[in-house]
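These notes are about the structure you will find just below.
The values are calculated or read from the model by the stated rules, or taken from the named source; none is laboratory data. Just so it is clear, the structure is predicted and the values come from calculations on it, not from any experiment. Every residue, glycine as well, gets a Cβ built from its backbone with ideal geometry; the counts of neighbours run over all protein chains shown.
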Amino acid sequence: MKKIVVFLGAPGAGKGTAAAAVASSTGARHVSTGAMLRDAVSRGTPAGLEAKSYMEAGGLVPDEVLYKMVGELLADAPDGTILFFDGFPRNVAQAEALSGLAASGGAEVAGAVCLDVSKDALLARLGGRRVCPTCGAGYHVATLPPKKEGVCDKCGAALVVRADDQPATIAHRLEVYEKATAPVIGFYETSGALRRIDASGPAADVAALVENAVKALV
Ligand SMILES: [Zn+2]
């Protein structure tokens, strides 16, 4: 049996970081939606080719294509694989679809891990991000400051705030999350397989809590 653990949490909660860290310490496979898309496109799978045509037309990849891609991924995974889904499902309809895809792909959704961080902490985390427009290096005013304020350590360029991290955009991203993704927490809570993690501490502490939660699920 292949097992799926769904990672949930607001933008800035650190689920991608935690999923990657715990995947490498437990031998699980970290599947972020973006990486899954890029991989299917570059390998030219049937779903990847469909996705490519939508992306080239500048559109979003529809759910049906995403579902096909998840189906391909599950079919390809060897028996016994543990998969961490990060970025999918994003809403209750996708969560329901995932249960069906798992059943037909020889897998089961073992449960979900939700990373909880207060809204104030999320705003501080997201709002403090800075990036170098020249070399792509990432910084954070509180947790990973450059040596000289506003200047890239690596190449000396002036750091900027990404469009995604502007205050109005952050508020919008959190709103979208509350509306669409927060109900997914309820979906897994109802099935009794939800583990909530206090994700307000340092990344290493969060990874340790997540690892325990994952081990209890799979
Ligand atoms: Zn730079």
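Take the conditions (1) surrounded by fewer than 16 Cβ atoms within 10 Å (Cβ to Cβ); (2) without any contact (Cβ under 8 Å) to a residue 24 or more places away in the chain; Ala137 misses just one of them, which is (1). Scoring Val70 on the criteria (1) in contact with a strand residue (DSSP E or B) (Cβ under 9 Å, 6 or more places away or on another chain); (2) outside any helix (DSSP H, G or I) leaves a single failure, condition (2). From the list Ala171, Ala157, the one residue that fits, being modelled with pLDDT of 95 or more and surrounded by fewer than 18 Cβ atoms within 10 Å (Cβ to Cβ), is Ala157. Tell me whether the range 67-85 contains one or more residues that are over 13 Å from the mean Cα position of the chain (by Cα) and closer than 19 Å to Pro183 by Cα. No, because not a single residue in the range 67-85 is over 13 Å from the mean Cα position of the chain (by Cα) and closer than 19 Å to Pro183 by Cα. Of the numbered criteria (1) without any contact (Cβ under 8 Å) to a residue 60 or more places away in the chain; (2) more than 18 Å from Thr17 (Cα to Cα); (3) away from the ligand (no atom under 16 Å from the Cβ), the one Pro202 fails is (2). Those strands (runs of 3 or more DSSP E) of the range 100-199 in which at least 1 residues are away from the ligand (no atom under 16 Å from the Cβ), considering only elements entirely within it, cover 107-116, 194-198. Enumerate the pairs (first residue in the range 150-179 and under 12 Å from Leu122 (Cα atoms); second residue anywhere and within 16 Å of the ligand (Cβ to nearest atom) and not β-branched (Val, Ile, Thr)) with beta-carbon separation below 6 Å, excluding pairs fewer than 6 apart on the same chain, so at least 6 apart or on different chains. Here the result reads Asp165/Arg129, each pair linking the range 150-179 to a residue that is within 16 Å of the ligand (Cβ to nearest atom) and not β-branched (Val, Ile, Thr). Does Gly16 satisfy being part of a helix (DSSP H, G or I) and in contact with a strand residue (DSSP E or B) (Cβ under 9 Å, 6 or more places away or on another chain)? In short, yes. Looking only at residues in the range 106-159 that are of a type in the set (Gly, Ala, Ser) and touching a Cys at 6+ places or on another chain (Cβ under 6 Å), the one that is nearest to Ala207 (Cα to Cα) is Ala137.
Considering only residues in the range 88-99 that are touching a strand residue (DSSP E or B) at 6+ places or on another chain (Cβ under 8 Å) and part of a helix (DSSP H, G or I), the one that is nearest to Tyr188 (Cα to Cα) turns out to be Ala95. Apart from one condition, Leu74 fits all of (1) crowded, with 17+ Cβ neighbours inside 10 Å; (2) farther than 17 Å from His30 by Cβ; the exception is (2). Just one of the numbered conditions (1) touching a residue at least 40 places away in the same chain (Cβ under 8 Å); (2) surrounded by fewer than 19 Cβ atoms within 10 Å (Cβ to Cβ); (3) in a helix (DSSP H, G or I); (4) not acidic (Asp, Glu) is not true of Gly80: (3). Among the residues of the range 22-52, those that are touching a His at 6+ places or on another chain (Cβ under 9 Å) and in contact (Cβ under 8 Å) with a residue 60 or more places away in the chain comprise Val22, Ala23.
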